[in-house]
Each structure stands twice: as C-alpha cells, then as structure tokens.
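I'd like to ask you about the structure that follows.
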Amino acid sequence: MDIDKRTKELAARLTYIRDIFGPRENASVALLRTRLEEFLAQAPQLGMRELSRQVGRLEELFGLLEGKLEGELSPMDRVRIVRHPQRICLKDILENVYDNYTEIGGQDEWSIDPGMLIARATIARRMGKKTVHQPVMVLGQEKGHGQEFRNGGSIKPWGNANALYYMRVAEWENIPIHTYVFTPGAYPVEDYPGAAQQIAKNLYVMAGLSVPIVSVFSEGGSGGAEAIALADRRLMLSHGYYSVISPEGAAAIEGGLKAKASPELIEKCAERLRITARDNLELGFIDRVIQEPPLGARPEHYEFFRQLRSEVIRATDEAVHSAEGLGPLRALALRQRRHADPQEIFVRWSLSDKARRTLVRKRYAKFRAMSRSAFRDNRSLGTRLATAVARMLWQAHSLLRHDLLARYQRRLSRLVEQLEAEVRALRYGLGGPLARLLGLGEAAGGGGARRMAVPPEALERLTSLSCPEAGACRLEEQWVYVSPKSRQDRTLTCPNAATHGCQDLWAPDLFGEFAGVCSTCGHHFPMEFQWYLYNVFDFAKALEFNAELESANPLNYEGFDLKLEEAKRATGLGSSCITFETRLDGLKTVVAVLASPFRGGTVGAAEGEKLIRAVERARIKRTPLILYSHGTAGIRIQEGTCGVIQMPRVTMAVRRYISAGGLYLVLYDTNSYAGPVASFLGCSPYQFAVRSSNIGFAGPGVIRETTGMEVPPRYHKSFSALSRGHIQGIWDRRDIKKNLNQALLTMGGGNLYYR
Amino acid sequence: MLNVKEMLDELSASPYEEIEIKTPHTGVVQFVGLKPGDRVSGPGGKWHEKPGTLLANLTREKNKKPICAPQKGEVKDVRGELEGQFVEAGVPLMTIRHFLSKEEVIARILKKALHLFCAPERAKYYFVPEVDAKIKAGGEQSVKLKDGMEMFIVSRMKRETPLAYSGPEGIIYAVYFQQGDNVDGGQPLMGVCQESQLPLIQDVVNRVQGEWEERD
C-alpha cells in the first residue's frame with residue numbers, strides 16, 4: 001500500500017513538472033519520465049524489498065532533478081507555477097500559518113465575492129510561560145485550487161469594497177493586517193462602484209490606514225494586486241510574479257491586438273517585463289523574498305509554511321518597530337534576524353496614537369523613495385540645489401504666513417467681527433438708554449433711507465442690457481488658441497447625426513468658433529491638449545516646472561528606446577505629464593496635464609514623479625490642484641512594475657494633500673482608462689468629465705476577452721460614469737474655465753491660501 | 001372583406017421587400033464593387049451596434065460618408081453609371097431585395113387584418129373582472145368588443161385606473177401580454193378583428209406557418 005501511494009505521488013510530481021515546463025523539451029524531464037515508466041513496467045515482477053529500494057532511488061532522483069530544473073525556470077514557467085491549481089492558496093496559508101481563524105467575508109460560494117477571502121486570525125506568541133494570542137486581519141484573493149466560482153482570484157468591485165471595510169475594522173480595533181496577493185488582475189466590470197473606482201478608494205484609504213500592513217505577493221497582477229497591497233512591508237514568494245500586465249496581455253499589445261500572440265512572444269514579454277521576485281527585489285518594490293521549495297510551494301510543503309509564518313511575524317514586528325521603537329535588546333534581536341526565532345521575542349502589535357501617525361508617515365516615505373532612478377533627470381546640479389532651497393523657503397513662508405500669522409489674523413478678525421455685531425445689536429434698540437444717549441438705534445434711523453439711495457449709474461447698470469447697441473454677443477474672438485484642424489477646408493459629420501439629425505459641420509467653424517462642439521447635439525469632437533493649455537489654463541503666462549524630468553527605459557525593454565525617442569520628437573514633450581503653476585481668474589493654482597499624444601498618455605516613473613512633485617508643491621504653497629487628464633491609456637507597460645508602483649505612490653501624495661485641507665479636482669477628457677483612473681484620478685472627491693469622454697477600467701476588447709461579456713455600445717461614456725456615481729458632473733468644453741473658477745471658490749478644504 | 005388567396009398569392013409572387021438605397025444628400029458617389037446577386041447583411045450585434053455591409057461612399061465637401069445596408073438581402077441592381085458622379089439628394093443608388101421571413105409575413109398579414117390596441121403607458125394591465133371571467137370561461141374569442149367598453153385596469157405605482165377600449169367593433173384575436181407583468185407604453189395589448197374574419201385569419205396564419213419557404 002505504502003509503495004502504491006509513493007508511486008502515485010511520484011507520478012503526480014512528474015505531471016506537475018510537465019505542466020510547468022509546458023511543451024518545451026527538457027532532458028531532465030525526459031529522464032524522469034523514462035525512469036518512472038521503466039519502474040512501472042518492472043514493478044509487477046519485483047519483490048517487496050526491491051520495490052521499496054527502487055522507489056527510494058526514484059524519489060532521490062526526483063529530488064535531485066527537481067533541484068536542477070529549478071535553476072532552469074524561465075519567467076514564464078514561474079507564471080505557470082503561480083497559476084497551477086496545485087499552488088498553495090490562501091486557505092492553506094490560513095490553516096498552516098495561523099493558529100486559529102474565522103472567515104468573516106462569507107464562506108465559499110456564499111460570499112459577496114468568493115474570490116476575496118477575509119478572516120480574523122490569531123498568532124500565538126510566548127511571553128515566558130504565558131501564551132499571548134495576537135489577533136490579525138487576514139485578507140487576500142483565494143484561487144481555491146481551481147474552484148470555478150472563485151474566478152481565479154479576479155476580484156469584482158464589491159469584493160474589494162468588502163476587503164476595504166474589514167481593513168477599516170482592523171484600524172478601529174488597532175490590529176495588524178496581513179494581505180496575500182493571489183490575483184491575475186481585477187475583474188473588469190463597471191457596475192457600481194466600478195472596478196477602477198473601487199481600487200482607487202482602496203488605495204486612498206490604505207494610504208492613511210494607521211495599523212501595520214504586511215503584504216505577501218504570489219501572483220501580483222497590476223491594479224487587482226494594488227487594491228490590497230499598499231503595505232508597510234511587502235514580501236514576495238520566490239516563485240511569484242508581480243507585474244503591470246499579464247505576459248499574454250503584453251504580448252497581445254506588442255504583436256498587435258487583433259492577432260493571437262505566439263508562445264515565443266509571450267515568453268519574451270515575460271522576460272522583458274522583469275516580473276520575478278528577484279527582479280522586483282532588485283528594483284526595490286519588495287522588501288524580502290521568501291524562498292520556496294524547488295518548483296514552487298504546494299500544500300504539502302509544511303516546512304515552507306513554518307518559514308512563511310516566521311517571515312510574516314518578523315515583517316509585522318519590523319513594521320511596528322519602525323513606528324514605535326522597541327527596547328534596545330529586542331531591536332538588536334530583530335536586526336540579527338537570521339539567528340533569532342521571531343516567535344520567541346514578544347512584540348505588542350497594537351500601536352499608540354503617536355506611533356500610528358508615525359507609521360503612516362513612514363509608509364509614505366517608503367513609497368516616495370521607490371522608482372527614483374527609473375526616469376531621466378536632466379536638471380543641472382545648480383537647478384536641483386536652487387529647487388531644494390526654494391522649497392525650503394516656501395515651506396518657511398507657508399509656516400509663517402499661513403500657520404503663525406494667519407492664526408493671529410483669524411483671532412483678530414473674529415474679535416473685530418464680534419465687536420461689530422455687538423454695536424449692531426445696540427443700534428436695534430437693545431441698548432436702551434445708552435443707545436439713546438449715543439444717538440443710535442431705531443429712532444436715529446438712517447437705515448431705510450440709506451438703502452433707497454442707490455447711485456443712478458448703478459441703477460442704470462442693473463436695469464438695462466449690458467451692450468444693447470452691439471447686437472448679439474459674438475464668440476469667435478474668445479479663443480486664444482485655435483486648433484490647426486480648423487485650417488482644413490472640409491466638412492465633418494457628427495457621430496450622432498443618425499439619431500439627432502445633426503447637420504454636417506464645416507471644419508473652420510467647428511474647430512474654431514464652436515470649440516469642437518456639434519451645434520445641434522452638443523457632441524464634443526476631441527481637441528488637442530494645447531487647446532486646453534492656452535484657452536483654459538492660460539499656459540502662455542504659466543510657470544512650467546520639472547519639464548526636465550523625462551521618461552526613460554528603466555527595464556531596458558527591447559525596442560522601447562526608439563519608440564520613446566519617436567514620441568519625444570513628435571510631441572516635443574519629455575513625458576506625457578506637464579506640470580505648471582498658473583492663475584485662474586487671479587487664483588494661483590497648480591495644474592498637471594496628462595497629454596494623450598505622448599505614448600497614449602500612459603503613466604510611468606517620470607510622470608509619477610512629476611505628479612508627486614506637483615502635489616507636494618500645491619501642498620506647500622497651499623494652492624488648489626487640478627489634474628486634467630487629456631487622455632490616458634493606463635500605466636506604461638514597458639516600464640513594468642516601475643509604472644504600476646506609481647499608482648500607490650501618487651495616491652499617497654494626493655491623500656496627504658487632501659487631508660491637509662486642499663482642493664484636488666480631476667477633469668477627464670477623451671479616453672481615460674486603467675491604472676491612473678484606478679488610483680490617483682479615481683480617488684479625488686471632485687471628478688468631472690468633459691462631455692463625450694469615456695472613463696473606465698478596461699476597454700471593451702479586454703472585458704470581452706476576460707469575462708466573456710458583451711459590452712453595450714455606450715458602456716464607458718461619461719454619462720454612465722455619472723449615473724454610477726464615479727464622477728460628479730459633466731462639463732461643456734466652452735464652460736470649463738467658468739466652472740473651474742466656481743469650483744475653486746466653493747469646493748475643497750480650509751487649507752487653501754485664499755481662504 | 002379579407003381575401004386570403006389573393007393576399008397569399010401576392011406575397012408568394014414577390015416574397016421579398018425591395019429597399020431602394022437613396023443618397024441622403026448631395027455628393028460624389030463611389031461604389032465598393034458590389035454586383036447584382038451579392039449578399040449584404042444588415043446591422044448586427046446584440047444592440048445592432050455594428051453597421052451593415054458597406055454599399056457605397058458618398059463624399060461631400062471632402063467628407064467621405066459610408067452608406068450601409070439597412071437590412072440583409074441580395075443586391076438587385078446597382079446604378080454603376082453614377083460611379084464618380086456628383087448626385088443630388090434622394091437619387092436611387094441601388095436596390096436590395098430583402099426576403100421575408102415567416103414572422104415578417106405573418107406580421108404583415110395581421111397588420112392588415114387586425115386592429116392593435118396598445119398600452120398608453122408603462123404599467124401592469126389586468127382585464128376587468130367581468131371580461132376576465134368571460135375569457136376564462138369561453139376563451140379569448142368569446143369577448144365582443146365595443147367602443148368605450150371598460151376593458152382594463154391599469155395599475156402603476158400603487159394607483160389603479162380603469163381603461164376603456166377604443167376602436168372598431170370586433171372580437172379579441174390574441175392577447176399579447178401576461179396579466180400582472182409590466183408592459184411598456186406603445187406595446188400592443190391585444191389584437192382585435194371582425195368576428196366574421198376570424199377563421200380566415202387563422203387559416204392564413206396556418207398556411208404561412210406550413211407552406212412559407214424562407215430564403216436566406
């Protein structure tokens with residue numbers, strides 16, 4: 001019986017190896033197969049002792065060759081390991097790493113999203129003879145060893161919302177959060193609250209969550225991973241991957257979307273994207289790699305679970321230590337972590353109020369320091385120094401002007417206000433004899449009479465038309481910048497012509513006077529970003545900053561340098577992001593623009609850095625911050641994780657700005673999709689869209705591919721986003737300036753310089 | 001009086017509908033090489049979001065616009081002499097034969113023979129108790145309709161109002177809604193025909209169901 005079981009196990013091991021190495025021919029795999037076949041053929045003739053001896057030798061051979069095969073794993077093999085149904089999943093971890101757990105996010109298919117598993121777990125630690133049970137909130141995607149209803153760990157928006165709720169619960173209870181990332185990507189549906197919108201909310205809340213968060217990556221697929229992975233300590237399993245897009249997705253984009261990508265191209269993309277644990281450690285996006293057994297951890301590798309347990313405990317200890325500080329001896333023990341068993345050293349995981357604030361600050365600093373070398377900084381040393389000095393001066397000015405001086409000013413004005421109110425009360429007869437004595441009050445009454453005396457010119461201005469002799473108000477002179485498209489001599493057809501009966505429009509009219517708006521139905525034809533720069537943001541008088549930060553090719557992605565140079569030459573921009581300071585009706589404002597002609601407005605390390613610097617500038621100078629997305633196709637896939645890490649990085653900066661009391665307003669135009677919408681764009685409380693724009697997480701093609709669902713024609717229109725509650729309003733292009741001014745005056749927190 | 005034979009003969013003599021494709025406005029015509037006998041398809045997709053086969057392009061003021069097939073069928077003739085010519089609005093470019101399906105034939109016959117009584121607004125519709133009892137006892141055809149006769153109860157947002165029948169006298173040929181279901185405004189509630197014509201209509205429908213050959 002025993003021999004039977006052992007042979008079956010060996011056969012299963014061989015199947016697993018063949019699954020991982022796919023169609024590739026490999027000498028070691030062939031050797032294992034022939035040896036096993038030979039043994040199976042001989043087995044009936046062998047005696048018990050001989051059988052046992054041969055199985056033992058086969059097991060040794062398997063062990064040896066698995067070790068050898070481990071060295072031959074390509075990145076794509078690792079992807080196959082991670083997706084294999086025998087791969088460990090979150091339930092195995094809960095069973096083997098934690099001492100006790102209760103699922104609270106639903107059970108199996110009876111859950112709002114069976115892919116998201118949430119549990120309250122405990123870890124027991126010794127304190128002398130006493131055992132202390134430390135509670136943790138554990139959450140992550142559950143692939144369930146191939147259970148269909150779990151969608152392979154693709155989380156629907158409501159699953160992420162549930163995870164977010166229990167992260168908040170952990171914050172109220174002051175217990176650490178352990179998240180396990182097992183997702184190929186989020187489930188791209190736009191049903192309420194919308195995939196992108198929910199991930200953005202998750203990131204925004206996690207950026208300020210004041211309890212230690214430790215995340216462990218096995219399969220980190222882009223936005224879906226980020227939704228739970230913004231953590232103080234990020235660990236990664238040695239056979240996992242963490243990437244901006246699946247290798248298949250990258251290959252589909254690389255090879256043209258229509259044709260099916262070849263396996264070779266997929267392999268190549270997996271290599272180029274640098275998705276393995278070692279790559280991510282080198283790039284600095286994770287803190288530590290947890291070594292797995294050869295060819296990846298499976299549920300029977302108990303030794304691995306023990307190691308995982310001590311690693312997550314250690315990571316949580318470190319996160320706590322970074323915020324609170326431990327005693328000198330325990331700190332020493334934590335430093336010499338290779339020797340000490342973290343379970344033996346007790347660390348309390350609930351933090352004091354001060355430590356919670358420190359933790360959030362350190363988390364921001366940690367992410368701020370990432371991907372700093374992934375873009376090109378063309379500034380001279382002098383400029384850098386001058387920028388740093390200017391920043392310090394502004395900080396000092398801001399402190400003096402808005403914190404110290406303003407405080408006294410506020411007190412003074414409050415005093416004056418109170419006095420004035422008192423005097424007014426006196427005038428309305430409340431003062432009795434005193435008022436009469438001073439000649440104030442109703443009896444002295446000038447109030448009514450004075451109100452009548454309106455100066456005649458004001459009366460004229462209020463009661464007659466502003467320019468009765470000038471005829472109808474003409475608009476053609478109002479645009480400073482006129483689109484070059486208006487120079488073509490042709491007509492255009494509005495896409496709504498069939499339903500709205502729109503007449504053909506003559507290009508000089510349409511792109512000139514009409515500002516690209518159909519005069520019948522109001523459809524907005526796309527306009528260049530320069531139109532907005534000059535006609536809305538007064539770019540001619542603006543001060544552009546950080547233009548010297550340019551996109552680079554941090555992963556040395558093959559062929560990308562050329563494409564980048566091409567984009568820079570064609571657009572005259574260094575990156576897809578333009579940041580500047582301008583005045584809107586006299587109010588100083590920081591504006592960031594994502595320009596779609598530069599590589600589709602994709603966001604990489606340079607764009608992320610420029611955005612963060614713009615956000616920090618707005619925070620220090622206490623100005624409003626407007627982010628105009630002229631169009632963005634998502635995160636730049638050629639930058640790999642250097643791109644995807646911008647989602648948490650920029651969102652954290654934005655969170656800091658908003659909680660300081662600023663006004664962060666996002667304006668969408670043309671097409672905005674994927675990563676940016678699922679992070680720093682989608683987290684704003686004030687999001688507006690220019691009419692006829694599209695907003696979403698994934699385009700119709702991707703949705704059809706991943707979910708098998710047909711997408712209705714107007715699925716991504718801004719009006720759908722409005723009815724879903726994603727955006728707050730839809731603006732006519734010609735009214736943007738007016739609406740922005742109104743927004744600056746009425747929205748946002750109390751930390752703006754003009755308030 | 002409905003003449004069944006004549007009607008069927010007429011339909012089977014020309015079992016198609018001819019759709020004339022006309023220019024929507026002035027412009028220069030460019031055909032895309034369709035010949036008589038070619039098959040074209042109408043708008044497709046779940047929401048009819050994919051336009052039909054491209055038939056020709058019409059260019060006016062350097063604005064090239066596609067003209068697509070409104071329904072599936074076969075090209076009957078193409079006015080090839082107009083290729084590259086500037087034409088006025090409303091000039092026929094080609095003819096498409098759209099072959100009628102069983103449903104379309106029946107719909108046409110019923111349209112001629114029936115009076116459809118439609119729902120005035122989106123609501124739940126019920127027959128008034130007397131009518132309901134009659135239908136249950138003797139079938140739909142047992143109800144004789146007169147103009148102004150109280151027929152339905154319209155139930156919407158916790159409010160119930162009576163609705164009277166208006167139209168020619170006759171009997172109910174068919175009821176097109178389920179009692180208690182929501183019916184959109186403008187959808188037919190029932191078809192009404194003259195009592196004498198009932199067997200005739202049923203005969204036509206049966207014959208179409210049995211004999212009509214669909215051409216694809």
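Would you tally the residues in the stretch A:497-517 being assigned to a loop (DSSP other than H, G, I, E, B) and within 14 Å of another protein chain (Cβ to nearest Cβ)?
Residues in the stretch A:497-517 being assigned to a loop (DSSP other than H, G, I, E, B) and within 14 Å of another protein chain (Cβ to nearest Cβ): 4 in total.
Looking for whichever is polar (S, T, N, Q) and within 19 Å of the chain's Cα centre (by Cα) here; the options are A:Thr571, A:Thr602, A:Thr582. Which one fits?
Checking each option against the conditions leaves just A:Thr602.
Considering only the stretch A:509-521, state which residues are surrounded by fewer than 17 Cβ atoms within 10 Å (Cβ to Cβ) and either within 18 Å of B:Arg60 (Cα to Cα) or assigned by TED's automatic domain parsing to the domain that holds A:Trp731 (or both).
A:Asp509
Does the stretch A:477-502 hold any residues that are more than 18 Å from A:Ser692 (Cα to Cα), of a type in the set (S, T, N, Q) and surrounded by fewer than 17 Cβ atoms within 10 Å (Cβ to Cβ), and which are they?
Across the stretch A:477-502, the qualifying residues are A:Gln478, A:Gln488.
Tally up the residues in the stretch B:167-187 that are out of contact with any His (no Cβ under 8 Å at 6 or more places or on another chain), farther than 16 Å from B:Gly139 by Cα and surrounded by fewer than 16 Cβ atoms within 10 Å (Cβ to Cβ), please.
Number satisfying all stated conditions: 8.
Given (1) more than 14 Å from chain B (Cβ to nearest Cβ); (2) at pLDDT below 95; (3) buried (at least 17 other Cβ atoms within 10 Å of the Cβ), identify the lone condition not met by A:Ser576.
Going through the list (1) more than 14 Å from chain B (Cβ to nearest Cβ); (2) at pLDDT below 95; (3) buried (at least 17 other Cβ atoms within 10 Å of the Cβ), A:Ser576 breaks only (2).
Can you report the number of residues in the stretch B:42-54 which are out of contact with any Pro (no Cβ under 8 Å at 6 or more places or on another chain), more than 10 Å from chain A (Cβ to nearest Cβ) and modelled with pLDDT under 95?
So the answer is 1.
In addition: Any chance the stretch A:44-53 includes a residue that's within 39 Å of the chain's Cα centre (by Cα) and either farther than 27 Å from A:Pro247 by Cβ or not assigned by TED's automatic domain parsing to the domain that holds A:Met236 (or both)?
Checked the stretch A:44-53: no residue is within 39 Å of the chain's Cα centre (by Cα) and either farther than 27 Å from A:Pro247 by Cβ or not assigned by TED's automatic domain parsing to the domain that holds A:Met236 (or both).
Please find, among A:Glu282, A:Glu318, A:Glu292, A:Glu264, the residue that is at pLDDT 85 or above, buried (at least 19 other Cβ atoms within 10 Å of the Cβ) and part of a helix (DSSP H, G or I).
It is A:Glu318.
Okay, residues lined up against (1) in contact with a strand residue (DSSP E or B) (Cβ under 6 Å, 6 or more places away or on another chain); (2) modelled with pLDDT of 95 or more; (3) not assigned by TED's automatic domain parsing to the domain that holds A:Lys268:
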{"residue": "A:Phe560", "(1), (2), (3)": "no, no, yes"}
{"residue": "A:Ala567", "(1), (2), (3)": "no, yes, yes"}
{"residue": "A:Glu581", "(1), (2), (3)": "yes, yes, yes"}
{"residue": "A:Asp585", "(1), (2), (3)": "no, no, yes"}
{"residue": "A:Val590", "(1), (2), (3)": "yes, yes, yes"}
{"residue": "A:Val593", "(1), (2), (3)": "yes, yes, yes"}
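Given the conditions (1) more than 14 Å from chain B (Cβ to nearest Cβ); (2) under 17 Å from A:Pro157 (Cα atoms), report the number of the one that A:Tyr715 does not fulfil.
(1)
A further question follows. Residues that are in contact with a Phe, Trp or Tyr (Cβ under 7 Å, 6 or more places away or on another chain) and not aliphatic (A, V, I, L, M), at least 1 per element: which helices (runs of 4 or more DSSP H) completely within the stretch A:581-689 meet that?
A:605-621, A:641-644, A:646-659
Out of the residues in the stretch B:58-91 meeting the condition of being in contact (Cβ under 8 Å) with a residue 60 or more places away in the chain and out of contact with any Gly (no Cβ under 9 Å at 6 or more places or on another chain), tell me which one is farthest from the other protein chains (Cβ to nearest Cβ).
B:Val91
Which residue out of A:Val320, A:Val360 is in contact with a Phe, Trp or Tyr (Cβ under 7 Å, 6 or more places away or on another chain), assigned by TED's automatic domain parsing to the domain that holds A:Asp287 and of a type in the set (A, V, I, L, M)?
A:Val320
If you don't mind, there's one more thing I want to ask. Considering A:Ala11, A:Ala119, which residue is free of Cβ contacts under 8 Å to residues at least 40 places away in the same chain and not in a helix (DSSP H, G or I)?
Only one candidate passes the filter, namely A:Ala119.
B:Pro70 fails exactly one of the following numbered conditions: (1) in contact with an Asp or Glu (Cβ under 9 Å, 6 or more places away or on another chain); (2) farther than 27 Å from B:Leu200 by Cβ; (3) surrounded by 15 or more Cβ atoms within 10 Å (Cβ to Cβ). What is the number of that condition?
(1)
Which residues, taken from the stretch A:188-203, are of a type in the set (D, E, K, R) and either assigned to a loop (DSSP other than H, G, I, E, B) or assigned by TED's automatic domain parsing to the domain that holds A:Val650 (or both)?
A:Glu190, A:Asp191
If you don't mind, another one. Can you tell me how many residues in the stretch B:37-58 are surrounded by 17 or more Cβ atoms within 10 Å (Cβ to Cβ) and polar (S, T, N, Q)?
The qualifying residues number 1.
Does any residue in the stretch B:183-210 that is among the polar types (S, T, N, Q) come within less than 7 Å, Cβ to Cβ, of a residue that is surrounded by 18 or more Cβ atoms within 10 Å (Cβ to Cβ) and part of a helix (DSSP H, G or I) six or more places away or on a different chain, and which pairs are these?
B:Gln197/B:Ala113
Which of (1) assigned to a loop (DSSP other than H, G, I, E, B); (2) at pLDDT 90 or above is the odd one out, the single condition A:His339 does not satisfy?
(2)
Still on this structure, I have one more. Given the conditions (1) under 30 Å from A:Arg348 (Cα atoms); (2) in contact with a strand residue (DSSP E or B) (Cβ under 7 Å, 6 or more places away or on another chain); (3) not in a loop (DSSP other than H, G, I, E, B), report the number of the one that A:Tyr242 does not fulfil.
Single failed check for A:Tyr242: (1).
For the stretch B:97-116, does any single residue satisfy the condition of being more than 14 Å from chain A (Cβ to nearest Cβ), in a strand (DSSP E or B) and touching a Leu at 6+ places or on another chain (Cβ under 6 Å)?
So far as the stretch B:97-116 goes, no, none of its residues is more than 14 Å from chain A (Cβ to nearest Cβ), in a strand (DSSP E or B) and touching a Leu at 6+ places or on another chain (Cβ under 6 Å).
Okay, residues lined up against (1) out of contact with any Cys (no Cβ under 9 Å at 6 or more places or on another chain); (2) charged (D, E, K, R):
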{"site": "A:Gly586", "(1), (2)": "yes, no"}
{"site": "A:Phe598", "(1), (2)": "no, no"}
{"site": "A:Gly601", "(1), (2)": "no, no"}
{"site": "A:Arg619", "(1), (2)": "yes, yes"}
{"site": "A:Ala633", "(1), (2)": "yes, no"}
{"site": "A:Cys642", "(1), (2)": "yes, no"}
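Hey, among the residues in the stretch A:487-496 that are of a type in the set (S, T, N, Q) and within 11 Å of another protein chain (Cβ to nearest Cβ), which one's nearest to the chain's Cα centre (by Cα)?
By that ranking, first place goes to A:Thr493.
Mind listing whichever residues of the stretch B:22-41 are over 28 Å from the mean Cα position of the chain (by Cα), more than 14 Å from chain A (Cβ to nearest Cβ) and part of a strand (DSSP E or B)?
Passing the criteria: B:Val29, B:Gln30, B:Phe31.
Tell me yes or no: at least one residue of the stretch A:406-420 is modelled with pLDDT of 75 or more, among the aromatic types (Phe, Trp, Tyr) and under 30 Å from A:Ile736 (Cβ atoms).
Within the stretch A:406-420 (the criterion being modelled with pLDDT of 75 or more, among the aromatic types (Phe, Trp, Tyr) and under 30 Å from A:Ile736 (Cβ atoms)), the answer is no, since none of the residues qualifies.
Can you say whether A:Thr670 is at negative phi and β-branched (Val, Ile, Thr), as far as the supplied structure shows?
Answer is no for this residue.
The values are calculated or read from the model by the stated rules, or taken from the named source; none is laboratory data. Quick caveat: nothing in here was measured; it's all calculated off a predicted structure. Note: ideal-geometry Cβ built from the backbone for every residue, glycine included; neighbour counts use all protein chains shown.
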